[in-house]
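Peer 1: The following block contains the structure, expressed as structure tokens.
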Amino acid sequence: MKAYEPQRIESKWQEKWQSDGLYAVSEDDSRPKRYILEMFPYPSGDLHMGYVRNYSIGDVIARYYSMRGFNVLHPIGWDAFGLPAENAAIKNNVHPKDWTYENIARQQVQMARLGLSYDWDRTVITCSPDYYRWGQWLFLKFYEKGLVYRDESGVNWCPSCQTVLANEQVLGDGECWRCSTHVEQRRLAQWYFKITDYAQELLDDLEELDGWPDRVKTMQKNWIGKSHGAEVKFTLADTTKTITVFTTRPDTLFGATFFLLAPEHPLVDELVAGTNYREEVERVRQQVAGRTMVERAAGELEKEGAFTGKFAVNPVNGEKIPIWVSDYVLMEYGTGAVMAVPAHDQRDFEFARKYNIPIRPVIQPEGAPLDGAEMTEAFTGTGDMASSGVFDGQNSATSIAAVTEWLAASGKGESAINFRLRDWLISRQRYWGNPIPMIYCDICGIVPVPESDLPVVLPDDVDLNAEGGSLANHEEFSNVICPECGVPATRETDTMDTFTCSSWYFARYCSPSDDDLPVNRAAGDYWMPVDQYIGGIEHAILHLLYARFFTKVMRDLGLLECGEPFKNLLTQGMVKLEGSAMSKSRGNIVSPDEIIAKYGADTARLFILFAAPPEKDLEWSHEGAEGIFRFLSRVWRLTQTIIDSPDLGPHGGGQEKELTQLMHAAIKKVTADVERFNFNTAISAIMELVNAAYRYLDNVSESERDTTLLKQVAEVTVTLIAPFAPHMAEELWADLGHPASVHRHSWPEYDPKLAAVDQVTLVMQVNGKVRDRISVERGLPREAVEKLALRTDNVKRFLEDKEIVKVIIVPDKLVNIVVR
RNA sequence: GCGGGUGUGGCGGAAUGGCAGACGCGCAUGCCUUAGGAGCAUGUGUCCUAUGGACGUGGAGGUUCAAGUCCUCUCACCCGCACCA
């Protein structure tokens, strides 16, 4: 018998697929399309098991839909700009470009070795000028649309990465998403994308993403953070100046006993200038500025505040309330000013207690009324309004709307909405990125690089360690002539956040070498949106939110029809070893190369798909991989045995009938499981079919075998396993006498009649407890079933001296006799 | 604090409200073999007075003829956000 030699057959088929162009696709209106996409890798070294999992999942889906007759686009590329390349380059004294392209070459070889069905003609590499040129072009279009602006404000600065970060890139504990260094605050002039213009749409359209996990949608929803409320205009006492606040609780307006400004609020200096209060306010400001994000995140911070000596006038009752400065008011949210209602807001409550400010309840719960002097915490529940003038007695169910209407009618405020989402800071003070195509001219100001001058090419000959930045020190790059007035000017030397590169690459795959536009309209409209996107949960907010934003802007620019890039999203779990994520520093790495060398790619793929459902974390097991290799060897031997047997034709009988039934049932189960991405159970169904075939060989002597059926079983097994173990399937398919690729063959169909069993096991229960099981013909009528049950010995024993109350019959499944 | 998720044998994991533990790993016994890190067969939740029975899906209640699955409460762990007015 021909031996199973995975390494030999795998490289053979990989070469053949490539030379036959098996996975090259083009637009074809005669077939339905499927765009299957895995998040592209960062070329930071060898592919690790996490990538193998990601790509194995995508490959099964792509190959399955291809066998189902779909026109499948399944591309890959590299997210090639970014800090790791630059850091590695500095460390190893090589150029980031060389380092990047070497890694890409290595990863490409590894991908080929895994037998992934990519259309290699569509490869996109983001650090290539053909690609980043269109990133710059999009930047200019965004700018024309008013979606790009430059602003000086407080930004997150990572001292280790020596660059600013977007809000999304600062983790919950105030650490840099990339290097975990504590992020500092700085004031810098930076470029922003106005993602907040799309906040509402980004929120609303989550509703239509039925194919996304709720978890991811919830995370995005919370990140966008929409709040309904009102803006209320307070006046600065003894002036005509107004200060607007945002509140979600206008119904508590009458309970405002003080007023707060953020320490950075521009009005603060003006209020305390030349007064005795200035010193104390400054002290609080200093103290607050010294706090790190970590301290702020650590939870209960003692609230610090200082009185400004000035008062604000509450528009609803003309009351003068003191204006304080405190760190718990954020300049970035709302208006940076807050009306404080200590009776009904826990933070205000704590502050008021600390600084002895009166607490006045204006919402009274049913039963015991609140007394401000005795309250121990804020009351945030519902009740009737009190001490609130004309609103007294109004129930809180209607009071918010009533007060808001009244504010609007009297010109003292209006209903308002606030988002937590901030604009996207895209400037990075690093070399290895896409240059921002802007020029600073002393005469004309900020001038965009003319489209005809694109791309702004990132120069190769830079000093990576240059003080103040590699590009800023590159005179040829930074010194330019103003395209408008012709005088010497300076180029922007910051580069764009790498997330800009990954925000539209999926569109580029549709027409990867288009010279006129980022994406050819017809190709984009044919392939987009991505039907199935697969990647790690860590991108739930960052990449997936940015990509949605870009897609919407591209749609509004007329570049694409669709407004959502990813119709369905699968977030795969991590690959772990000994309970923790594989990492070099922990030393618990299983290298894909090692596994491929030992068992072949088919085993690596199959194991990773079998060991856990795709969304769950997966524990790597050497024994488990070994077991999968054994299973593949069993498939191999089974098929070769069948191939080697003399042809005896059909041979009907009970065993044949059973094997036929199991074969059709297996097709049914594998199909359903692949459709819903239950690859682990799909594989176990194939195992069951293989086990059944072996059982048949065991039970039936060689001369009695139905070789027609056996060949059919072998072919079905091979086609079912083809998406999972493509090389073995291809080799066995050829051995079974088929000249064309199994991946071009159609997915097997099952006959529902044949998939159903004739004999079913009826479970006999008494009071819900199983007492016996008997095998009967399918479709036995109720009366017969009941009679049968009552006659069964094991059932009878439990009926003695009992009264039968009721008999429940689930056809072909069970009988439950209820007795008393 | 808010939001989301998970909890089933020694392990990974299966179960449209209808036989809990499919499939695989591991382990045990046996067969075959010069040999086995090969192959094959059988067994493998716990307990008991064992051809039978009781118990069993983090815990406590409930609904139901029937609950891993539905409801209420609760515990543990994981993830996201977090002084967002």
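The values are calculated or read from the model by the stated rules, or taken from the named source; none is laboratory data. Quick caveat, the model's predicted, so the values are computed rather than measured. Cβ placement follows ideal geometry from the backbone for every residue including glycine, while neighbour counts extend to all protein chains displayed. Ligands, DNA and RNA are stripped out before the accessible areas are found, and what is left, the full protein with its side chains, is counted by its heavy atoms. Shrake-Rupley method; radii C 1.70, N 1.55, O 1.52, S 1.80 Å.
Peer 1: Could you check the stretch A:157-188 and list, in sequence order, the residues that are closer than 18 Å to residue A:500 by Cα and polar (S, T, N, Q)?
Peer 2: A:163, A:167, A:169
Condition check ((1) of a type in the set (S, T, N, Q); (2) modelled with pLDDT of 95 or more; (3) within 12 Å of RNA strand B (Cβ to nearest atom)) across all residues:
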| site | (1), (2), (3) |
| --- | --- |
| A:274 | no, no, no |
| A:280 | no, no, no |
| A:286 | yes, no, no |
| A:291 | no, no, yes |
| A:298 | no, no, yes |
| A:301 | no, no, yes |
| A:307 | no, yes, no |
| A:310 | no, yes, no |
| A:316 | no, no, no |
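Peer 1: Taking the stretch A:204-219 on its own, how many of its residues are more than 14 Å from RNA strand B (Cβ to nearest atom) and open to solvent by less than 70 Å² (accessible area, probe 1.4 Å)? Spell out how you get there, then give the answer.
Peer 2: Residues of the stretch A:204-219 more than 14 Å from RNA strand B (Cβ to nearest atom): A:204-205, A:207-211.
From what is left, the residues that are open to solvent by less than 70 Å² (accessible area, probe 1.4 Å) are A:205, A:209, A:211.
Residues meeting the conditions: 3.
Peer 1: Pairs, please: C-beta under 9 Å, at least 6 apart or cross-chain, first residue among the aromatic types (Phe, Trp, Tyr) and in the stretch A:355-380, second part of a strand (DSSP E or B)?
Peer 2: A:355/A:258; A:355/A:305; A:355/A:307; A:355/A:324; A:379/A:363; A:379/A:364
Peer 1: Now, a different point. Looking at the stretch A:765-820, which of its residues are β-branched (Val, Ile, Thr) and more than 10 Å from RNA strand B (Cβ to nearest atom)? Walk me through it before giving the result.
Peer 2: Step one: of the stretch A:765-820, the residues β-branched (Val, Ile, Thr) are A:766, A:770, A:774, A:776, A:785, A:792, A:795, A:804-805, A:807-810, A:815, A:817-819.
Hits for the stretch A:765-820 are A:774, A:776, A:785, A:792, A:804.
Peer 1: Please determine, by comparing only the residues of the stretch A:630-659 that are part of a helix (DSSP H, G or I) and more than 16 Å from RNA strand B (Cβ to nearest atom), which one is farthest from the chain's Cα centre (by Cα).
Peer 2: Step one: filter the stretch A:630-659 for residues part of a helix (DSSP H, G or I), giving A:630-644, A:654-659.
Those still in the list that are more than 16 Å from RNA strand B (Cβ to nearest atom) too: A:643, A:654, A:656-657.
Values: A:643: 46, A:654: 51, A:656: 48, A:657: 47 Å.
Out of the qualifying residues, it is A:654.
Peer 1: Same structure, new question: Kindly establish whether residue A:688 is within 16 Å of RNA strand B (Cβ to nearest atom), charged (D, E, K, R) and either within 24 Å of residue A:600 (Cβ to Cβ) or surrounded by fewer than 21 Cβ atoms within 10 Å (Cβ to Cβ) (or both). Break it down into steps so the answer makes sense when it comes.
Peer 2: Numbers: within 16 Å of RNA strand B (Cβ to nearest atom): yes; charged (D, E, K, R): yes; either within 24 Å of residue A:600 (Cβ to Cβ) or surrounded by fewer than 21 Cβ atoms within 10 Å (Cβ to Cβ) (or both): yes.
When the stated conditions are applied, residue A:688 passes them.
Peer 1: Would you please list the contacts, defined by Cβ atoms under 7 Å and residues six or more apart or on different chains, that run from a residue in the stretch A:520-536 that is touching a residue at least 12 places away in the same chain (Cβ under 8 Å) to a residue that is open to solvent by less than 10 Å² (accessible area, probe 1.4 Å) and of a type in the set (Lys, Arg)?
Peer 2: Sorted first by the residue in the stretch A:520-536, then by its partner, the list stays empty.
Peer 1: With the requirement that a residue be loosely packed, with under 13 Cβ neighbours inside 10 Å and hydrophobic (A, V, I, L, M, F, W, C), what does the stretch A:273-288 give you?
Peer 2: A:273
Peer 1: Quick one: count up the residues across the stretch A:695-734 that are among the aromatic types (Phe, Trp, Tyr) and at pLDDT below 95.
Peer 2: Residues of the stretch A:695-734 that are among the aromatic types (Phe, Trp, Tyr), as a first pass: A:696, A:724, A:733.
Remaining after also requiring at pLDDT below 95: A:696.
Total satisfying the criteria: 1.
Peer 1: A follow-up question, please. Would you point out the residue of the stretch A:329-350, among those that are near RNA strand B (Cβ under 7 Å from one of its atoms) and over 18 Å from residue A:243 (Cα atoms), that is most open to solvent (accessible area, probe 1.4 Å)?
Peer 2: Top of the filtered list is A:347.
Peer 1: When you look at residue A:91, is it outside any loop (DSSP other than H, G, I, E, B) and at pLDDT below 95, yes or no?
Peer 2: On the way: outside any loop (DSSP other than H, G, I, E, B): yes; at pLDDT below 95: yes.
Yes.
Peer 1: Let me ask you something else. Restrict the check to the stretch A:662-676 and report whether at least one residue is under 42 Å from the mean Cα position of the chain (by Cα), within 22 Å of residue A:575 (Cα to Cα) and modelled with pLDDT of 95 or more. Give the steps one after another, and end with the answer.
Peer 2: At the first step, the residues of the stretch A:662-676 found to be under 42 Å from the mean Cα position of the chain (by Cα) are A:662-676.
Applying the additional criterion that residues be within 22 Å of residue A:575 (Cα to Cα) yields A:673-674, A:676.
Of the ones still in play, those that are also modelled with pLDDT of 95 or more are A:673-674.
Yes: one or more hits.
Peer 1: Is at least one residue of the stretch A:561-579 at pLDDT below 90 and surrounded by fewer than 15 Cβ atoms within 10 Å (Cβ to Cβ)?
Peer 2: The answer is yes, given that some residue of the stretch A:561-579 is at pLDDT below 90 and surrounded by fewer than 15 Cβ atoms within 10 Å (Cβ to Cβ).
Peer 1: Of everything in the stretch A:413-440, what is basic (Lys, Arg) and buried (at least 20 other Cβ atoms within 10 Å of the Cβ)? Give them in sequence order. Even if it seems obvious, please write down each step before you answer.
Peer 2: Quick first cut of the stretch A:413-440, residues basic (Lys, Arg) only: A:420, A:422, A:428, A:430.
Passing the criteria: A:428, A:430.
Peer 1: Given the stretch A:439-491, what strands (runs of 3 or more DSSP E) lie entirely inside it while holding 3 or more residues that are in contact with a strand residue (DSSP E or B) (Cβ under 7 Å, 6 or more places away or on another chain), of a type outside the set (Ser, Thr, Tyr) and in contact (Cβ under 8 Å) with a residue 24 or more places away in the chain? Please lay out each step first, then the result.
Peer 2: Details: elements: A:445-448, A:479-481, A:488-491.
Filter on the stretch A:439-491 gives A:445-448.
Peer 1: Kindly establish whether residue A:323 is open to solvent by less than 30 Å² (accessible area, probe 1.4 Å), more than 29 Å from residue A:240 (Cβ to Cβ), within 16 Å of RNA strand B (Cβ to nearest atom) and modelled with pLDDT of 90 or more.
Peer 2: Values: open to solvent by less than 30 Å² (accessible area, probe 1.4 Å): yes; more than 29 Å from residue A:240 (Cβ to Cβ): no; within 16 Å of RNA strand B (Cβ to nearest atom): yes; modelled with pLDDT of 90 or more: yes.
In short, no.
Peer 1: Next question, about the same structure. Can residue A:56 be described as surrounded by fewer than 20 Cβ atoms within 10 Å (Cβ to Cβ), within 29 Å of the chain's Cα centre (by Cα) and small (Gly, Ala, Ser)?
Peer 2: Details: surrounded by fewer than 20 Cβ atoms within 10 Å (Cβ to Cβ): no; within 29 Å of the chain's Cα centre (by Cα): yes; small (Gly, Ala, Ser): yes.
Against the criterion (surrounded by fewer than 20 Cβ atoms within 10 Å (Cβ to Cβ), within 29 Å of the chain's Cα centre (by Cα) and small (Gly, Ala, Ser)), residue A:56 does not qualify.
Peer 1: If I ask for residues that are within 12 Å of RNA strand B (Cβ to nearest atom), open to solvent by 60 Å² or more (accessible area, probe 1.4 Å) and in a helix (DSSP H, G or I), which ones from the stretch A:144-173 would you list? Explain how you work it out, then say what you get.
Peer 2: The first filter runs over the stretch A:144-173 and keeps only residues within 12 Å of RNA strand B (Cβ to nearest atom), leaving A:156, A:166-173.
Restricting the remaining residues to those that are open to solvent by 60 Å² or more (accessible area, probe 1.4 Å) gives A:167, A:171-173.
A:167, the sole residue that qualifies.
Peer 1: Please enumerate the residues belonging to the stretch A:717-729 that are closer than 15 Å to residue A:64 by Cβ and in contact with a Phe, Trp or Tyr (Cβ under 9 Å, 6 or more places away or on another chain).
Peer 2: In the first step, residues of the stretch A:717-729 are kept if they are closer than 15 Å to residue A:64 by Cβ; the result is A:718-726, A:729.
Matches in the stretch A:717-729: A:718, A:719, A:720, A:722, A:723, A:724, A:726.
Peer 1: What are the pairs, 6+ residues apart or on separate chains, where a residue within the stretch A:7-34 that is on the phi < 0 side of the Ramachandran plot has its Cβ under 6 Å from a residue that is outside any helix (DSSP H, G or I) and among the aliphatic types (A, V, I, L, M)?
Peer 2: Close Cβ pairs (under 6 Å, with a partner that is outside any helix (DSSP H, G or I) and among the aliphatic types (A, V, I, L, M)) amount to A:25/A:73; A:34/A:72.
Peer 1: Here's a follow-up. Since residue A:545 meets every condition but one in (1) over 29 Å from residue A:497 (Cβ atoms); (2) modelled with pLDDT of 95 or more, which condition does it not meet?
Peer 2: Just one mismatch for residue A:545, condition (1).
Peer 1: I would also like to ask the following. Just wondering, is there one or more residues in the stretch A:714-734 that are of a type in the set (Phe, Trp, Tyr), in contact (Cβ under 8 Å) with a residue 12 or more places away in the chain and within 18 Å of residue A:627 (Cα to Cα)? Step through it out loud before you land on a result.
Peer 2: Within the stretch A:714-734, the subset of a type in the set (Phe, Trp, Tyr) is A:724, A:733.
If we keep only those that are in contact (Cβ under 8 Å) with a residue 12 or more places away in the chain as well, we get A:724, A:733.
This time we only want the ones that are within 18 Å of residue A:627 (Cα to Cα), so: A:724.
Yes, the conditions are met somewhere in the stretch A:714-734.
Peer 1: Under the condition of being assigned to a strand (DSSP E or B) and within 11 Å of RNA strand B (Cβ to nearest atom), which residue from the stretch A:576-614 is farthest from the chain's Cα centre (by Cα)?
Peer 2: In the first step, residues of the stretch A:576-614 are kept if they are assigned to a strand (DSSP E or B); the result is A:576-577, A:580-581.
This time we only want the ones that are within 11 Å of RNA strand B (Cβ to nearest atom), so: A:576, A:580-581.
Details: A:576: 19, A:580: 21, A:581: 18 Å.
Checked the stretch A:576-614; the qualifying residue farthest from the chain's Cα centre (by Cα) is A:580.
Peer 1: Taking the stretch A:669-720, which residues are β-branched (Val, Ile, Thr), assigned to a helix (DSSP H, G or I) and farther than 26 Å from residue A:613 by Cα? Reasoning before the result, please.
Peer 2: Filtering the stretch A:669-720 for residues β-branched (Val, Ile, Thr) gives A:670-671, A:674, A:681, A:683, A:686, A:690, A:700, A:707-708, A:713, A:716-719.
Okay, now just the ones that are also assigned to a helix (DSSP H, G or I), so A:670-671, A:674, A:681, A:683, A:686, A:690, A:707-708, A:713, A:716-719.
Residues satisfying the conditions are A:707, A:708, A:713.
Peer 1: Tell me which of these residue A:249 doesn't satisfy, since it passes every other one: (1) open to solvent by 20 Å² or more (accessible area, probe 1.4 Å); (2) more than 12 Å from RNA strand B (Cβ to nearest atom).
Peer 2: Single failed check for residue A:249: (2).
Peer 1: Any idea which residue in the stretch A:174-184 is surrounded by the most Cβ atoms within 10 Å (Cβ to Cβ), counting only those that are away from RNA strand B (no atom under 13 Å from the Cβ) and not hydrophobic (A, V, I, L, M, F, W, C)? Step through it out loud before you land on a result.
Peer 2: First pass over the stretch A:174-184, keeping only residues away from RNA strand B (no atom under 13 Å from the Cβ): A:178-179, A:181-182, A:184.
Of the ones still in play, those that are also not hydrophobic (A, V, I, L, M, F, W, C) are A:178, A:181-182, A:184.
Working: A:178: 18, A:181: 13, A:182: 15, A:184: 13.
Applying the filter and picking the extreme gives A:178.
Peer 1: Quickly run through the stretch A:43-53 and pick out the residues that are in a helix (DSSP H, G or I) and open to solvent by less than 10 Å² (accessible area, probe 1.4 Å).
Peer 2: Passing the criteria: A:49, A:52, A:53.
Peer 1: Could you identify the single residue in A:118, A:101 that is more than 24 Å from the chain's Cα centre (by Cα) and at pLDDT 95 or above? Can you show your working first?
Peer 2: Working: A:118 fails: more than 24 Å from the chain's Cα centre (by Cα).
Within the list A:118, A:101, the selection yields A:101.
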